[in-house]
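Just so it is clear, none of the values below were taken in a lab; they were calculated from the coordinates. None of these values were measured; they are calculated from a predicted model. Here the Cβ is made from the backbone with ideal geometry for all residues, glycine too, and neighbour counts use every protein chain on show.
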Amino acid sequence: MYETCVVLFLFRSVEHTDGQSVLTDSLWRRYSEFELLRSYLLVYYPHIVVPPLPEKRAEFVWHKLSADNMDPDFVERRRIGLENFLLRIASHPILCRDKIFYLFLTQVFFFYLADSRLKALNATFRVKNPDKRFTDLKHYSDELQSVISHLLRVRARVADRLYGVYKVHGNYGRVFSEWSAIEKEMGDGLQSAGHHMDVYASSIDDILEDEEHYADQLKEYLFYAEALRAVCRKHELMQYDLEMAAQDLASKKQQCEELATGTVRTFSLKGMTTKLFGQETPEQREARIKVLEEQINEGEQQLKSKNLEGREFVKNAWADIERFKEQKNRDLKEALISYAVMQISMCKKGIQVWTNAKECFSKM
Amino acid sequence: MEVFSKDASLMDMNSFSPMMPTSPLSMINQIKFEDEPDLKDLFITVDEPESHVTTIETFITYRIITKTSRGEFDSSEFEVRRRYQDFLWLKGKLEEAHPTLIIPPLPEKFIVKGMVERFNDDFIETRRKALHKFLNRIADHPTLTFNEDFKIFLTAQAWELSSHKKQGPGLLSRMGQTVRAVASSMRGVKNRPEEFMEMNNFIELFSQKINLIDKISQRIYKEEREYFDEMKEYGPIHILWSASEEDLVDTLKDVASCIDRCCKATEKRMSGLSEALLPVVHEYVLYSEMLMGVMKRRDQIQAELDSKVEALTYKKADTDLLPEEIGKLEDKVECANNALKADWERWKQNMQNDIKLAFTDMAEENIHYYEQCLATWESFLTSQTNLHLEEASEDKP
C-alpha cells in the first residue's frame, strides 16, 4: 500500500558563501520524510519552537468533508500545509541555515536518525526548581491546545449545519420549476426564482472550502502548542540533569569528608562491608579519597558546563519563544480578520441571491 | 366586491381596532387591490385560548370578537367562546349549504409527528392563528359571509349554539349522503366537462407541489434551528480563548460579539419564516385537500342528474315525474358549476397573491439577515484596521 506522494516544486535559490546561487530541481518527498526532518530539528534545536506539520489524519471533519487521506481536497490542503511548514523554516533566522534542511530540499536521500535523546524527549521528569517562565509556558500551551481543538470541533458542527440550510433550499428549485409548468401567470416568476434557489444552494460549497483554509491556519497553532511543550520538556530534561549532577556531586563531597574525618554519616556499600568484614587499611582509605577527589573535580567541571549549557539554552529558547509569540499574534490576528472577510463575502453573496429571488417572486 | 385580506401576521389584537396590515409588503398588496373602496364591514379576531377541565374531558376554547356595521346583526360588537368542535360544525354546515364553493380549510385535528401532549403552547398558538384565518376568509368570501350559520356561530351564546346545532339533518342521514356520494361520484367523473377536467388536473398537480413545498419549508426551519443551536456555542469559545491571550484579547472578544449578533439575526430569520411562510404554505396544503372534496361534490351533483337522465332514456323507473326532476337537477348542476367556476377564479387569484407574498416575505427576511450580518462583520473589520493604523502611528517617532 502506497501513501500518496507529495510533489514539491521548490525553486529555491541558495546562495553559497562564494556568491554562487544554485537552483534546485523538483523532487519527491513523502509525509514520513517530513516527519523525520522535523524530529531532527527538534533534537538539534531544542530551544527553538519548531514549526509543526499539518495533520497526519483528517480530524475535525464535518460530515460532508472526507476523512479519507487519499481524498483530493485533503491532499491539496496537506500540500499547502507542507509548503507552509517549509516556508516557516526557511524564514526562521536560525533554522534556515541548517545543513540538513538544505539537503532535504536538494538531495534525494533517506536519512535515519537514531538518537536516544529523541525518545528521552517524551519522558517526564520531576524537576525540583523549574523555571517559572517555562511552567507558565507549558500551561499556556495546554490551554492553547484545548481551546483551539474545542473551537475547531464546534466550527465543524456549525459548518455541517450551514451546509444543511443552504442545500435544502436547492429543493425549492426543482419543485418551483415543476410547478411553473401548470401556472400561467406565476410560471415565469417561479421558474426564475427556482434558478436562484439553485444558485444559493450551490454557493455553500465554495464558502465552506474557503473556511477550511481558516481551519487549517488554526490547526497549525494547535500543533505549535505541541512544539512549545517540546521546548519546555527539553528545559525540564536539562534542569533534571543538572539537579541530578548537583545531587551526585554533593553526595560525593560528603562521602569524601566523612572518609577524611572518619565519621560515617552517609550510607555507602563500602562502609557497610567495612563494618561487616573489618576496617580497611589507611592506604586503602587514601586511595579511595583520591578517587573521590578526582571524581569531585570532574563533577564540578561538568556541573559548571551544565550550568552554562542550561543558561545558554534558557537564553536562546526564550529568544525564540519571544519571536514565536510575535509570529503567533500576527498570524492569529490575520486569521481572524480573514475569517471576517470570508463572512462578509458570504453575506454579500447571500444578499445578491435573495434580492434576485425577491424580484422574481414579486413579478409572479 | 373583493377585499383581499392579508392577515397572516396579525397576532395580538388587544385593541379593538380594524385589521391593520403589519408588514409593508402586505400594505402594498392591499393598495393594489383596492380599486373599489374598502367595503369591509365585518371584523373578526380569535384570541385568548383557555383551558377547560370537566370530569369527562379537557378542551380549549378561543375567544371570538366580532365587530360589524351590518344591519342584519343585532348589535355592533359580539364576544363569544368557541371550541374546535364548533368550528368543525360550522365548516360542515357551510359545505352542506354550498357544496361547490371552496370553503376555507380548518387546521388539523391532531398533528401526529412530534406531539408529546395534546395541548402544548406552540400547538395552541398555531391553531389559534389558523382559526383566525379561517373565520376571516369566510368573512371575506362574497357568498359565505352572509351565511346564516356563520352569523349564529359568531353571535350566539353557548346554549343557543347547542340548541341550534341539534336542528338540521341527523347523523344517519348525513352518513347516507356520504355513501351515495362515493358511489355516484365515479359516474360524475366520466361526464365531467372539459374545463373541470383541467381544473382537476391543476388541483392534483398543485396538491403534489404544495405538499412538497410544505415539507421543504419545514425542513429549512429545522435546519436553521439546528444551525442556531450550534452557533450559540461558537461565540463563547472565543471569549474563553481571550482569557489566555494578552495581545489578542480585544480581537477575540470582538469576534465573539460578532458571532453572537449573527446568532440573534438567525433567530429573527427563523421566526420570520415560521410566521410568514410556514402557515401560508400549510394552509394551502389543507386547501388542496378541500379542493379535491369540492370536485367530488360537483361530480356527485352531476352524477345525480346523469342517473336520472339514464333512467328516462332506458325507461327504468316511473317516467312521469322524471322530466320535472331532471329539469330541477339541470338547474342544480348549472348553479353548482357556475358557483365553482366563479369561486375557482377567486381562489386562484388569492392563492397567487398569498404565495407570492409569503415567498417575497421570506426573501425579505433573508436579505435582512444577511444585511445585519454584513454590517456586523464590516464594523469589526473597520475597527481592526483602525486599530492597526493607530498602532502604526504610535510606532512612528
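How crowded by other chains is A:323-329, given as the mean number of beta carbons from other chains within 10 Å of each beta carbon? Could the numbers behind the result be given before it?
Details: counts 0, 0, 3, 1, 0, 3, 5.
The shielding value for this peptide is 2.
Which pairs break 22 Å Cα to Cα here: A:253/A:290; A:184/B:209; A:128/A:290; A:234/A:304?
Cα-Cα > 22 Å for A:128/A:290; rest within.
For residue B:166 and residue B:72 in the same chain, what is the full-extension length gain: residue separation times 0.36 nm, less their Cα-Cα distance, in nm?
Numbers: separation 94, 0.36 × 94 = 33.84 nm, distance 2.33 nm.
Length difference between fully extended and current span is 31.5 nm.
Output ³J(HN,Hα) for region A:141-154: one whole-Hz value per residue in order, computed from phi by the Karplus curve 6.51 cos²θ - 1.76 cosθ + 1.60 with θ = phi - 60°, and x for Gly and Pro.
Calculated HN-Hα couplings, in order: 5, 5, 5, 4, 4, 5, 6, 5, 5, 4, 4, 5, 5, 5 Hz.
Sorting check: for A:168-175, B:323-330, A:73-80, which peptide has the highest mean count of neighbouring beta carbons within 10 Å, and how do the rest follow? All intermediate terms of the calculation are to be shown ahead of the outcome.
Working: A:168-175: 20.4, B:323-330: 12.9, A:73-80: 16.5.
Top of the packing list down: A:168-175, A:73-80, B:323-330.
I need the calculated FRET efficiency for the pair residue A:133 and residue A:68, taking r as the beta carbon distance and R₀ as 51 Å, to the nearest 0.05. Numbers along the way, then the final one.
On the way: r = 43 Å, r/R0 = 0.83.
With R0 = 51 Å, the Cβ-Cβ based efficiency is 0.75.
Could you count how many Lys pairs in region B:36-160 have their Cα atoms under 16 Å apart, skipping same-chain pairs fewer than 8 positions apart?
Count of close lysine pairs: 11.
Is there a simple number for the mean count of other chain Cβ atoms within 10 Å of the Cβ of residues in A:190-197, and what is it? Working shown, then result.
Details: counts 4, 0, 0, 4, 0, 0, 1, 1.
Average per residue, whole number: 1.
Under 22 Å Cα-Cα from residue B:308, which lysines qualify once same-chain neighbours fewer than 8 residues away are excluded?
Filter leaves B:190, B:296, B:316, B:328, B:332.
Across peptide A:156-162, what mean number of C-beta atoms from other chains lies inside 10 Å of a residue's C-beta?
Working: counts 1, 7, 9, 2, 3, 9, 6.
Whole-number average of other-chain Cβ neighbours for A:156-162 is 5.
Order B:352-365, A:129-142, A:336-349 from most to least packed using the mean count of other Cβ atoms within 10 Å.
Working: B:352-365: 21.7, A:129-142: 15.4, A:336-349: 18.4.
Taking the mean over residues of other Cβ atoms within 10 Å, the ranking is B:352-365, A:336-349, A:129-142.
Under 21 Å Cα-Cα from residue B:253, which lysines qualify once same-chain neighbours fewer than 8 residues away are excluded?
Excluding near neighbours in sequence, the set is A:219, A:325, A:328, A:333, B:232, B:264.
What percent of all Cα-Cα pairs in region A:204-257 falls into each 5 Å bin, going from 0 up to the bin containing the maximum distance?
Reading upward from the zero bin: 5, 16, 11, 10, 9, 8, 8, 7, 6, 6, 4, 4, 3, 2, 1, 1.
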